[in-house]
Amino acid sequence: MTFRWLGLSVIALLLVSLMACNKPQSKRVEIGDVPNTSLADEEPAGPNVFDDVTAKTGIQFTYRNGEDTANHLSILESLGGGAGLIDYDGDGLLDIFLPGGGGFAGPDKKQIVGYPCKLYRNLGNWKFEDVTAKVGLERTWFYTHGVAVADYDRDGWPDLLVTGFGGVVLFRNVPVDANDLSKGRRFEDVTAKSGLDQGIYWAVSPAFADLDGDGYPDLFLCQYVDWSWNKNPSFIYDRDIYDVAPPREFNGLQDLLYRNTGKGTFENVTSEVGLKPGGPESSKGLGVIAVDVNGDGKPELYVCNDTVDNFLYVNQSSPGKIRLKEMSILSGTARDGKGGANGSMGVDAGDPFRTGRPSIWVTNYENELHALYRNECRKELIYFTYATEQVGLAVLGQTYVGWGTAFVDVDLDGWEDLFVSNGHAIRYPVGPGVTRRQKPVLMLNQRGRFVKSNRQLGEYGTQQHLGRGVAFGDLDNDGRMDLVLCHTNEPVSILRGIGGQGHHWFGVELVGKDHADYVGAKVTLTANGETQTRFAKGGGSYTSANDRRCLFGLGKANKIDAVEVTWPDGSVSKFANQPVDRYIRVTQSREK
């Protein structure tokens, strides 16, 4: 997030060089040579792909970091928050949960307090209702950051986890009246009952995924640094102005992993599964995504760390026993193309090259390129190539600080584009051309090569924001991805996807057998002779929970030739000759 450390091991360089010479050959889309950065300002003309509908929704909410209550310049204030999408009442429309952040109270302004979080029910037609009190979420909060959604107890209803400084809270989705289900749903705080009420210091991004194959989603928590009031250093960058201290001034906290016992509780297995320890040059976790990178059905964990090596935990678990092997250096995903560690925040996995394997995308700090790691994995070999410059993403420049992000096909042409929300982490940036508030970025995927296209973001894209987390999902079920954007000390924005007019689409909602977690599954679709792949993921973006449905843009194709779902246990569901412009629900061993 701030100045990266520049230490470089000779061993790491030798490993990277050796693997580059011996990397496996694979069939790929031709993506050209290293781009000419003079093309940075040449944006294609085209219609807007988003429309700002915030005013229409009735949502008026702001995440606050406390800088208006005190001038501590603490690193706590730099992280911001995200957003979560959850159909809590089962009406087929995604509702929106928003963490509120926190501030400082007391005579010395050192009492850390939380601000209210909100849940907005989707009423349809871009109208939302504040149901926070009605569903039991009106309460005293800690300083919040992030959110995750998963059916942790496998009862068929999505549950809610909220993270922040000082701990997490887990809410179970239960009926208001078990004897009269027409009275709706509410949330019950089961944090203590589940075993998640102790040992968590500073949780940022969470991810649910069944790591050991027992059907129950386990929980990974990114933890950041060992900040406290006793360790709140004053810091000056290039000018005689005090600002937020960089993460290098702190030790990284060890991330945490909790195994779901299947009995409504979680067991802390951090010490036995193979997680890397914290320290001055380790951890400092901000973002995480769970996805199967090598096609064996077991989800891996990729963790974004701040100014130190990122982690790639390869899943070597068996039922009831989680075991992970950290392979970021060996796989080429720890650092950038020059061997330097980055300040990494946002993350997603997608298939922008149509190889059938998930590549990893990471947003980084200023003076660093964002990272696209192209997946070259096989079951017996875990390896990625650094593709940022090769595919045109270097034209973004290095003045941005990127946070919430995702692969999203904004024009429904069948090629996954990239969206990034930007905003600086410190109060008074000093770099040339660098501002605290920053514009978002849209990169259009032109058959494996990316072109900057901010002009198509609409009015929102013309403005600078203090961007942080973004939740991506189809809020109106029209086949176009919508965005819920969280900013720091600035109201939330809701963007409606309007791109790809005249293009078709197809969506797949997955349901595991007996409501088992299905992170690690993949969906392959063939239309008009071309094949696309989407992946069931946990976590992603930054401190946010996305729509879990798999959405495909089809361009002009008006019929689906074949759809194939490969479940984590290796079983396969197949369909043929499907009509377009609709969602289908695929239940493992049963379809409708």
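Say whether the condition of being open to solvent by less than 10 Å² (accessible area, probe 1.4 Å), at pLDDT 95 or above, out of contact with any Asp or Glu (no Cβ under 9 Å at 6 or more places or on another chain) and closer than 18 Å to residue 291 by Cβ is met by at least one residue in the range 378-386.
no
Do any residues in the range 172-196 that are in a helix (DSSP H, G or I) have Cβ atoms under 6 Å from those of residues that are aliphatic (A, V, I, L, M) and open to solvent by less than 60 Å² (accessible area, probe 1.4 Å), where the two are at least six apart or on different chains, and which pairs are they?
191/169; 191/170; 194/170
Being over 17 Å from the mean Cα position of the chain (by Cα) and under 28 Å from residue 555 (Cβ atoms) narrows it down to one residue among 392, 397; which is it?
That would be 392, the only listed residue that is over 17 Å from the mean Cα position of the chain (by Cα) and under 28 Å from residue 555 (Cβ atoms).
Sort out for me the strands (runs of 3 or more DSSP E) sitting completely within the range 438-496 that have 1 or more residues that are over 16 Å from the mean Cα position of the chain (by Cα).
Where strands (runs of 3 or more DSSP E) fall fully within the range 438-496 and carry at least 1 residues being over 16 Å from the mean Cα position of the chain (by Cα), they are 441-445, 450-452.
Here is a list: 293, 288. Which entry is among the β-branched types (Val, Ile, Thr), in a strand (DSSP E or B) and either touching a Leu at 6+ places or on another chain (Cβ under 7 Å) or closer than 23 Å to residue 391 by Cα (or both)?
288
Specify the residue that is surrounded by the fewest Cβ atoms within 10 Å (Cβ to Cβ); the eligible residues are those in the range 510-524 that are outside any loop (DSSP other than H, G, I, E, B) and of a type outside the set (S, T, N, Q).
514
If you go through the range 353-376 one residue at a time, how many are in contact with a Phe, Trp or Tyr (Cβ under 6 Å, 6 or more places away or on another chain) and part of a loop (DSSP other than H, G, I, E, B)?
Total satisfying the criteria: 2.
Within the range 88-159, which strands (runs of 3 or more DSSP E) (wholly inside it) include 2 or more residues that are open to solvent by 20 Å² or more (accessible area, probe 1.4 Å)?
111-114, 118-124, 127-130
Looking at the range 137-157, is at least one residue more than 30 Å from residue 211 (Cβ to Cβ) and in contact (Cβ under 8 Å) with a residue 40 or more places away in the chain?
Yes: the range 137-157 contains one or more residues that are more than 30 Å from residue 211 (Cβ to Cβ) and in contact (Cβ under 8 Å) with a residue 40 or more places away in the chain.
Could you go through the range 551-559 and let me know if any residue there is over 14 Å from residue 527 (Cβ atoms) and out of contact with any Ser or Thr (no Cβ under 7 Å at 6 or more places or on another chain).
Checking the range 551-559: not a single residue is over 14 Å from residue 527 (Cβ atoms) and out of contact with any Ser or Thr (no Cβ under 7 Å at 6 or more places or on another chain).
Is one or more of the residues making up the range 341-352 surrounded by fewer than 20 Cβ atoms within 10 Å (Cβ to Cβ), at pLDDT 95 or above and either over 22 Å from residue 411 (Cα atoms) or not β-branched (Val, Ile, Thr) (or both)?
No, the range 341-352 contains no residue that is surrounded by fewer than 20 Cβ atoms within 10 Å (Cβ to Cβ), at pLDDT 95 or above and either over 22 Å from residue 411 (Cα atoms) or not β-branched (Val, Ile, Thr) (or both).
Please determine whether any residue of the range 250-270 is open to solvent by 20 Å² or more (accessible area, probe 1.4 Å), part of a loop (DSSP other than H, G, I, E, B) and under 20 Å from residue 360 (Cα atoms).
There is no residue in the range 250-270 that is open to solvent by 20 Å² or more (accessible area, probe 1.4 Å), part of a loop (DSSP other than H, G, I, E, B) and under 20 Å from residue 360 (Cα atoms).
The values are calculated or read from the model by the stated rules, or taken from the named source; none is laboratory data. Keep in mind the model is a prediction, meaning the values are calculated, not measured. Cβ coordinates were reconstructed from backbone atoms using ideal geometry, including for glycine residues, and neighbour counts include every protein chain displayed. The area values use the complete protein model at the heavy-atom level, side chains included, leaving out ligands, DNA and RNA. Shrake-Rupley method; radii C 1.70, N 1.55, O 1.52, S 1.80 Å.
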